[in-house]
1. Does Leu99 meet the test of being crowded, with 18+ Cβ neighbours inside 10 Å and either in contact (Cβ under 8 Å) with a residue 40 or more places away in the chain or not hydrophobic (A, V, I, L, M, F, W, C) (or both)?
2. Working carefully through the options Gly144, Gly136, find the one that is over 22 Å from Ile44 (Cα atoms) and small (Gly, Ala, Ser).
3. Contact list please: Cβ distance under 9 Å, first residue in the range 46-63 and farther than 14 Å from Asp33 by Cα and of a type in the set (S, T, N, Q), second residue modelled with pLDDT of 95 or more and surrounded by fewer than 16 Cβ atoms within 10 Å (Cβ to Cβ), pairs at least six apart or on different chains.
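The values are calculated or read from the model by the stated rules, or taken from the named source; none is laboratory data. These figures come from a predicted structure and were not determined experimentally. Heads up, the Cβs are rebuilt from the backbone with ideal geometry, glycines too, and the neighbour counts pull from every protein chain shown.
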Amino acid sequence: MNLWRIVIVLLLFSGSCKKTAEVMPDPAQKEKDIEFVEMSGDTILLSSFKGKRLLVNYWATWCIPCRAEFPSLIKAEEELKGENYVFLFPTTDEMDLILEFKAKQGYDLRFLKMNSSLARVNVHVLPTTAIYGTDGKMFKQIQGALEWDEEEIIKMLKKVP
């Protein structure tokens, strides 16, 4: 009986990860500064990237759609070099899980540990990607996995102020 409950919960989580939706930021909502921990143990704030375009991809080691979009995110990051972009990959997973995942997959991405809940940053579906302009304000939030290296997505990212 317990095995069936686990299977049902996993199906619910994996199903919630698959839909892609664009969520426009609420202009009335005050921007919150978010604290992350680098793999080195150093603490950084989201606000420290003001002046840069920022793509923040919230993910989890257990989220299959999250993991599936990493290759296209790597290609997008490469394609956007010279466009003043920083890509960040925060998760609420424990540091040892993040380090193990990074070592096993071999991804050279800027993985971060979140020091707060996903709900605090209005993330309720994984993956969710927040895109910020150089003014430090959220430009767009996208829920669900995408092929980030597709031409139309790259064009949209280049238009971020």
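1. Details: crowded, with 18+ Cβ neighbours inside 10 Å: no; either in contact (Cβ under 8 Å) with a residue 40 or more places away in the chain or not hydrophobic (A, V, I, L, M, F, W, C) (or both): yes.
Considered against the rule, which asks whether it is crowded, with 18+ Cβ neighbours inside 10 Å and either in contact (Cβ under 8 Å) with a residue 40 or more places away in the chain or not hydrophobic (A, V, I, L, M, F, W, C) (or both), Leu99 comes out as no.
2. Values: Gly136 fails: over 22 Å from Ile44 (Cα atoms).
Only one candidate passes the filter, namely Gly144.
3. As it stands, the answer is Thr61/Leu97; Thr61/Glu100, since those pairs meet every condition given.
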